[in-house]
Structures are given as C-alpha cells and as structure tokens.
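Quick notes on the structure that follows.
The values are calculated or read from the model by the stated rules, or taken from the named source; none is laboratory data. Every value quoted in this text rests on a predicted model; they were computed, and no experiment measured them. In this analysis, Cβ positions are derived from the backbone assuming ideal geometry, glycine residues included, and neighbour counts consider all displayed protein chains.
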Amino acid sequence: MSESKPAESKLASCAYLAMPPADYIGGVFRPLADDTIVTRDPARPSSVVWAGTPVAQHAEDAVAAARAALPAWRAMSFEARRAQLERWRETCVRHAGRLAAAIAREIGKVKWEAELEAKIVAEKVTITLEDRVLSRVAGFEVAAGPGKTGICAFRPHGVMAVLGPYNFPAHLPNGHIVPALLLGNTVVFKPSEKGASVGQLLAELAHEAGFPAGVFNVVQGGGAIASRLATHPEVDGVLFTGSFPVGRRILEANLDTPGRLIALEMGGSNPAYVSAHADLRRAAIECVRASYATTGQRCTCTRRILVDEAVADRFIPMFLKLASTLVVAAADDGVPAFMGPLVTEGAREAVLRAQAELARRGRLRLEASPPDREGWFLAPGAVEVERFSIDGEGDEIFGPFVQFARVRGVDDAVAQANATRFGLAASIFTADEGEWNAFRQGSRAGCVNWNTGTAGASSKLPFGGTGRSGNHRPAGAFAVDACAYPVATMVDTAEPAIPQGMHIAAIGG
C-alpha cells in the first residue's frame, strides 16, 4: 500500500479495508479527516462503517493525475492493457470475500447477493474481453476508390469520470471502468457517498493489481464533487449511473460541451404483464423475485404488474401470499434471507410516504411495514390501483413496493405498460407467442423479457433504456461503445487524379 501516513479517524477501522478513509490519486492514498460523510451499517445504524470529509482540491488533483497518465496508457499496446485488466480480475477474485463483506455491511445486502455482486466484478473483465464485445470497436478497412484505402479505427476519449450508484456499488461502476481502461482511457471514479467504503476498497484492490499511477483514481464526495467532475474542462466523458433528476442536471450542465461524452444509466418504472395464458405459478415467483430483489433497490425491479382480468383473482392472491413469506434479515443473522434493509432511514421513509399516498388512491393489498428491530428493514408492500397513466405517475419508488392494475388483453397491457416516462425494462408472462410478439414490438423499453422478470440483466447483452431511463448509450456488453469514438482515415497510394479546371503546370515538378 501507499506510504502515506493515515489521518486520525473516529472510526474503528473496517476489517475489509487496509487503509483509514482516503482518496486514491496518482497511485497514492490521501487520508480524509473528520466526518462530513458518514456511512452506517443499514442493519445496525448505530455502527459507523466509514467517515470522512471530501476535499475539493482532490477532485482537481485526480483529474490532473488522470490527464498526466493518459498519453502513456493510451500509447500502450492493447495486449498490455488487456494483461493489466486480467491482473485486476485476478485481484478481485482473490479478494472477493472482502468485497462481499463490504457490500453486505455498508449497503445492507444479504449474504448471497453480496457474494454474487463481488463475483461478477471479476466476470466483467472476462465478458469485456470476449470477441463479440471487442468486435464492436475492432475497426476495419475498405476499398475507397482506385488506389485508396479507407480505415476506421477507434480512439479513447481521454479522461473519463465514472459516477457510481449505491445499489451495486462495485458491479455497476466496474461495468464502466473496465471497458474505459481497456480502450485506453484513464478514470476518475467517484463512488456514491452511501457506498464510500466499497469505493475505497476498489481503490485498494486497484493499487494491489498494479495499475500505473494516475490511470485509476478514486475521489470521495457528494453532489459538489460529482458536479465538478461532470463539468471539468479536462474531463472528456461522464459515465453515470443513478437517478433521473441527477442525470438531468448532468445533461443541463453540459449543454455547451457537446463533445463531452455523456452516458446516462438511470431509473425505471418497469411493468410486467401477466397474461390469461401465463403459467401463474411461474409468473408469481418471477414477479415477486423481480419486485423485491435487493429490497426493491434495483433500477430494473418490477414496479407495476398488469394482470389480465381473467386471471387477476387467482394471480394476485398467489403473489401476495408468496411475498408475505419472504425472509427479511441482515447478512449476518444466520438465516437464509431474501431481503436485507434499505440503505438509509431516508430511503425507507420515502417508500412509506409513497405507500401512504397510493393507499389513498387505490387499495392497499400488502402493507410495507418496518419490523420491530434495529435497522432500516421493511417488509414487502403492494397496492392495487385502477389504471396506470403518465399523468398519475409519481417519482420512482426505490424500495420493496409494487402496484397492480387489471387489464383487458395484450393491447391494453401494452398501452398501460407504456404509460410511463421511463423505459428501462418490461416483461410478459404468457405461453402465447403471438402475445409475446405484440408485447415485444409495442413495448418502449430497452430490456423486454419473456417469462422471466424485469430484474436480472445479463452483462453479455446491452443494458439501457429509453425516456428517463437513459440517453441511448447502453451499458452491459455495449459499454465499449461509449468508451471510444471512430476515426476515419483515407490513404491514397495512386497517382493523384487531376481535377477538371486545375492547371498543375503552374506549380512545376
């Protein structure tokens, strides 16, 4: 690790961190004192996980370090960068237990899900190195006329700011970091202030993996630091995962810099349609899983369930009964839990406020209620409403709460599925291929699934949405597209053709 002397901290050190709270800039850990940002164990809020005060100058220094490291990293051969990313993968495999412990403690994920996220951090490298992904930025040559060759090559943008979320504090930013680095960019990563220790752990692992100084930097902070990185004149691209309001502010702040790459991965109000031709048992299992996975804190979670009126009185009770059996517990409770706590008290209160508002307009079918224990736990909730409409759409409910509405056939289902300003994911449950085709063609969403839930995207596919869910720069297997731009070159080896009306005798030779 760095030879920097650690600052004094009021925090009892995390077992999974080797350093006290710090930023990572130019290959050196810079300690952070005090406790402007404090993260707590959501299962035991009296337990502080990480505490530190952001330093505005660190953002400037991190961008400068990334800029200084760019020429050598960009000039390095693709194979050399590939080898460095493979060392990153090996380091993440070696420390997957530390990473899972960090995710469970700071974000509140249950044990199996924290372990899964830790595992897929390494797998992202493997997927990015697959030929089907790299072929998207492989370049090509074409005959462009007599004696002329046309060449398309891809060039890195430069310094990329990666602004990460809290719900997948390692996996989602890593999904931007790996392709950005592989294609020759350097990175300044700002973790979510709710996942600060996970972000620092990624810095510690990068240090161990031996990235050249300045190629990968980590700066902690809140909105002010994020805003500075998103508008810094020396930043060439912004790769963001988070809410629509923040994504909108990033777009607005960059109206005068159209050349800065902005890739936004935002929220969803994801519908699932349960047809009269569905396997209701399968649909119930998948809809419960997709509605309440990660305690409802996934942008792909099912938020709205459209049930054909012919099967609604059978399906809805099945869903509610299954949802009411979900085990809600902490990662270290020693029980096979499905859901953990929400990340903060504010996150839980937001769900409860939304439930109260919807209960006034609809019929509360399952109450999301806090259990009698310490922590930001919340049982699953559900409400039945008359109909979905854009005018009646509120903010995204980012927690374990879902809405039902009854529909009449696939056309009505498509209409209500599209009654949202978001467009991330949608699902249909049916044995009728004609219904599937109608739903797939009619749905305005970037991920449209058949007989599987909205939550659970594959990193081998593109991941992104329309409307307020994204700006047509999908992540997943297509993240490489946002990390390099095409450069066209014409090479002429033939004698030059003399254009009509040009008199070359005037120049001699």
Inset, instruction - Go through 72, 33 for me and flag whichever is modelled with pLDDT under 95 and surrounded by fewer than 18 Cβ atoms within 10 Å (Cβ to Cβ). - result: 33
Legend entry - In region 313-343, residue nearest to residue 383 (Cα to Cα) [restricted to those that are in a loop (DSSP other than H, G, I, E, B) and in contact with a Phe, Trp or Tyr (Cβ under 6 Å, 6 or more places away or on another chain)]: 326
Inset, instruction - Tell me, please, whether a residue that is part of a helix (DSSP H, G or I) and either closer than 29 Å to residue 20 by Cα or in contact (Cβ under 8 Å) with a residue 24 or more places away in the chain (or both) can be found in region 261-281. - result: yes
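Looking at 257, 241, which is the one that is farther than 27 Å from residue 101 by Cα, hydroxyl-bearing (Ser, Thr, Tyr) and assigned by TED's automatic domain parsing to the domain that holds residue 73?
Working: 241 fails: farther than 27 Å from residue 101 by Cα.
After ruling out the rest, the residue left standing is 257.
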Inset, instruction - Would you check if there is a residue in region 284-298 being exposed (fewer than 15 other Cβ atoms within 10 Å of the Cβ), in the same structural domain as residue 426 (by TED's automatic domain parsing), part of a loop (DSSP other than H, G, I, E, B) and not aliphatic (A, V, I, L, M)? - result: no
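In the set 211, 244, 189, 216, which member is under 20 Å from residue 463 (Cα atoms) and of a type in the set (A, V, I, L, M, F, W, C)?
244
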Legend entry - Restricting region 305-314 to residues that are in contact (Cβ under 8 Å) with a residue 12 or more places away in the chain and surrounded by fewer than 24 Cβ atoms within 10 Å (Cβ to Cβ), the residue that is nearest to residue 458 (Cα to Cα): 308
